[in-house]
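Below is one structure, written out as structure tokens, with a few remarks after it.
The values are calculated or read from the model by the stated rules, or taken from the named source; none is laboratory data. Everything numeric in this text was worked out from a predicted model, so none of it was measured. Note that each Cβ is placed from the backbone with ideal geometry, even for glycine, and that neighbours are counted across all protein chains shown. Calculation scope for accessible area: heavy atoms of the full protein, side chains included, ligands and nucleic acids excluded. Shrake-Rupley method; radii C 1.70, N 1.55, O 1.52, S 1.80 Å.
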Amino acid sequence: TASEQQIRDAGALPVRSSSRVRRVIIFGALLASVAPIAFFIVSSRRSPHLPFETVRTTKLTSDGQSFKAAISPDGRYIAHTLLSAGQESLRVRRATTLHDIEIVPPSPHRYSGITFSPDGETVYYVTRTPGAEPSILYRVPVMGGSSQKLKDGLDSPITFSPDGTRFAFVRESPAESVLMVADLDSGREERLISRKLPETLDYPAWSPDGRIIACTVVDSSMATSKGSDARILEVRVSDRTERVLSSHTWGYIKQLSWFGDGRGLAMSACGLESRFYHLWYVSYPGGVGRKITDGINFQTGASVSADSRQIVTVEENKFFGIWRINFGKGVDPEPVVSGYHGTSAPLWTPDGRIVFEQELNGHRSIWTVDVDGTNQKQLTMAGNSYDHSISGDGRTLAYVSDRSGSPAIWTMDIDGGNQEMKVKADAEAFPQLSPDGKWITYTTIGSRHWTTLWRVAARGGRPVELSDKLWQHPAISPDGKSIAGFYADQQLGTQRTPTSIAVIHSDGGPPWQVIPISLSVSTKPGIRWTPNGAQLIYVDGRKDGDNLWSQPLNGGRPHQLTQFHSDTLFSFDWSHDGKQLVFNRGVEARDVVLVQDAQRK
């Protein structure tokens, strides 16, 4: 037309046939539809999505007393234990609700592990009574009912084969640690692999395709201040061949759990660079480890849903403070140091100062402070230093340090001078310097593969084993003639839990006094002698909370010294005149947390 001719003449509209226009339109549409796909492919290659690269966490409980947790494979249920008044129960909730159902009532037993059946309809749990053998496997319907005993002699949580007909676990003896497989119906057992002590196996996890069982292997002879030598081992079920999955070494590993696609495992572990337990992802078969969580809170345990999108763990928060109190005057405790991290006992010096451990950025060091909280002074700088003790004259400290590359017992002057290594030891040696400063008693793993009691001269030399029984947290009497500690005198087998307080002569031999302890006694804070040497003080966490109790050595009944009604007592010490008490107390809150992959819907 005339108008079209005018437009063409102006150069605004090129002449095209209708078929050519249609081809251009179709090509443009195809290009528009293909472009997003091409962009996604290129973007994926440039920046692949890593599992749990970004996470979303949800706190599921608020009681602060949950210790074990698991999620069912289908993600419908979450099971966890609850500790109250010294007794632990097993509870289950639907993942979409906040209401728990108690499926196993409270008892003095302690749970070693919780495992759902592959169909999510049954909960299997392993319990042990502290100080008693053996551990026992039970099962209970997910919504509650009667528990059925299945097997004893298990020293780990169980893990199921994909079809649910078999399960794997670890069994320990005084000589070895064995990865076992058992038939669920018949109970028939089969040994897969074993390790001679001091190597131990733990936390088996059966792969989704059924071919592999992963487990941890720990060499406790390689212990440092940050843990042992912990690795992940994969075992082929068909022929028992082994392979170390990752070249990475962790300090400790607590629980392994496969992702449903079989491309990796989740676990709770602390690296050698930190004492904090966090969630890790380890790729399979490459074995590349990567942290999922970080920070100053602990995450212990890792249970993964079959869709690989959710992990259930128990998160632990600790809030510490050092306090002192004039004993017997009915006054409230006064703070000395607040908001700090450190687990070693605060100790009095003869001149009335306090020696304590401070942990900053994962580094442990020894400090002194005046009783009013002023004049804080750092005594150790290199490596990690902790678990200190003081000679009777207050001039010398003994402590554990890893500054030489491995744990050893060191001494130094009270002002931090003359720091010298005396003897190699375990990371948890708890050295105690005699009142006259001439010798040190400590615990270390002996030939029996549990911690035994030793003694070495403070100037160094050849150490002497005082007892081949199980000892923990030794304490020397004020006159230097006796050593008290937590103790077990039975043939231990797999048991590593003290059952008594014992007192032994400082030159060795059998205990001259053994006092059974209840399950509510906390061994971690250790034992202290009263200044007159007539009584032993320890922490007992009965229904009214952690308090100090006194045990007379003349055979009398123990009696309660303090009337605290909240918080946890981590450690304590008497002043030299017996009139003041310094202690480390705070809150340990353990709650179930759901960690979700924020990039997966």
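Could you sort out which of Lys68/Lys291; Lys59/Lys149; Lys438/Lys481; Lys318/Lys469; Lys59/Lys254; Lys377/Lys579 sit more than 23 Å apart by Cα distance in this structure?
Lys59/Lys149; Lys318/Lys469; Lys377/Lys579, as the Cα separations exceed 23 Å there.
If ligands, DNA and RNA are left out, what is the accessible area of Arg240 with a 1.4 Å probe, given in Å² to the nearest 10?
100
With contacts defined as alpha carbon pairs under 8 Å and 6 or more residues apart, what's the relative contact order of the chain in percent?
11
Would you work out the charge dipole size for the range 416-459 about its Cα centre, treating the Cβ of every Lys and Arg as +1 and the Cβ of every Asp and Glu as -1, and quote it to the nearest 20 debye?
For the range 416-459, the charge dipole is close to 160 debye.
Round to the nearest 0.05 the FRET efficiency obtained for Gln563 and Ala95 when R0 = 56 Å and r is the Cβ-Cβ distance.
The computed FRET efficiency comes out at 0.85.
Could you compute the net charge surrounding Asn317? Neighbours are other residues with a C-beta less than 14 Å from the C-beta of Asn317; K and R count +1, D and E count -1.
Around Asn317, the charge tally is -3.
On the protein heavy atoms, probe 1.4 angstrom, tell me the percent of accessible surface of the chain carried by carbon and sulfur.
Roughly 52 percent, rounded to a whole number.
Rounded to the nearest 20 Debye, what is the dipole magnitude of the chain about its Cα centre when Lys and Arg each give +1 and Asp and Glu each give -1 at the C-beta?
On the way: 65 positive and 64 negative charges, 347 e Å.
Taking the Cα centre of the chain as origin, the dipole is about 1660 debye.
For Ser194 paired with Glu176, estimate the spin-label separation in nm (one decimal), with each label point 7 Å from Cα along the Cα-to-Cβ line.
A separation of 0.2 nm, rounded to one decimal place.
When the helices in the chain are scored as -39500 (n - 2.57) per DSSP H run of 4 or longer and the sum is shared across all residues, what 222 nm value do you end up with, to the nearest 500 deg cm²/dmol?
-2000 deg cm²/dmol
So for Arg585, Arg139, what's the accessible-area order with a 1.4 Å probe, most first? Mind dumping the intermediate values first?
Numbers: Arg585 40, Arg139 65 Å².
Per-residue accessible area, sorted high to low, gives Arg139, Arg585.
Given contacts defined as C-alpha pairs under 8 Å and at least six residues apart, what's the relative contact order of the range 448-601, whole-number percent?
Working: 296 pairs, mean separation 19.6, N = 154.
The value is 13 percent.
How would Arg462, Arg93 rank on accessible area, largest to smallest, probe 1.4 Å?
I get Arg462, Arg93, largest accessible area first.
Tell me, what is the 1.4 Å probe accessible area of Phe570, in Å² to the nearest 10?
30
Sequence neighbours fewer than 8 away in the same chain don't count; with that in mind, list the aspartates and glutamates whose C-alpha is under 15 Å from Lys424.
Within reach: Asp387, Asp402, Glu465.
Round to the nearest 0.05 the FRET efficiency obtained for Glu121 and Lys318 when R0 = 45 Å and r is the Cβ-Cβ distance.
It comes out at approximately 0.80.
Magnitude of the Cβ-charge dipole of the range 425-574, K/R +1 and D/E -1, about the Cα centre, nearest 20 debye? All intermediate terms of the calculation are to be shown ahead of the outcome.
Values: 13 positive and 13 negative charges, 41 e Å.
I would put it at about 200 debye.
Per residue, how many Å² of accessible area does the chain show with a 1.4 Å probe? Walk me through the intermediate numbers first.
Details: 26930 Å² over 601 residues.
The answer is 45 Å² per residue.
Please list 3J(HN,Hα) in residue order for the range 95-102, calculated via the Karplus relation 6.51 cos²θ - 1.76 cosθ + 1.60 where θ = phi - 60°; whole Hz, with x for glycine and proline.
For the range 95-102, the Karplus curve yields 4, 8, 10, 10, 9, 8, 10, 7 Hz.
Which order do you get for Trp512, Trp258 if you rank them by accessible area with a 1.4 Å probe, largest at the top?
Trp512, Trp258
Excluding Ile296 itself, what net charge comes from residues whose Cβ is under 13 Å from its Cβ, given Lys and Arg +1 and Asp and Glu -1?
So the environment of Ile296 carries a net charge of -2.
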